[in-house]
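Every number in this text was worked out from the coordinates using simple rules, so none of it is lab data. Remember, predicted model here, so these are calculated numbers, not experimental data. In this analysis, Cβ positions are derived from the backbone assuming ideal geometry, glycine residues included, and neighbour counts consider all displayed protein chains.
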Amino acid sequence: MPWDRTKPAAARLLITVMLAGAVGGLLHGGQWVRMTEPPRGQAASASLEMMQLLRDEHGLIADMVKAQLGVSSRGFDSKPIAATERRQVIALR
């Protein structure tokens with residue numbers, strides 16, 4: 001029996017903690033109460049203009065990364081970064 005008085009106090013404490021951990025694990029596991037998110041509707045597809053804007057942004061980021069990699073491999077030449085910044089300013093107009 002778990003509450004036998006002949007066992008040391010540490011053993012009784014260990015059994016109590018293990019029992020409480022098992023019960024808490026079952027309750028915390030959410031086996032009885034499941035909160036689910038309602039299903040979302042079909043997402044609207046993006047327009048052609050938005051897709052082109054996304055492609056342009058990806059191109060600018062790719063150019064910027066390539067320019068930064070070029071600068072780090074060649075030294076402190078800032079021309080590729082300046083060109084990329086000019087393209088970004090033009091794209092934001």
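Stretching the chain fully between residue 92 and residue 12 yields a gain of 21.8 nm (0.36 nm per residue, less the alpha carbon separation).
FRET efficiency for the residue 82 to residue 46 pair, using the beta carbon distance and R₀ = 41 Å, is estimated at 0.80.
Residue order for 37, 49, fewest other beta carbons within 10 angstrom first, comes to 37, 49.
Extension gain, residue 61-residue 27: 0.36 nm per intervening residue step, less the Cα-Cα distance, totals 7.5 nm.
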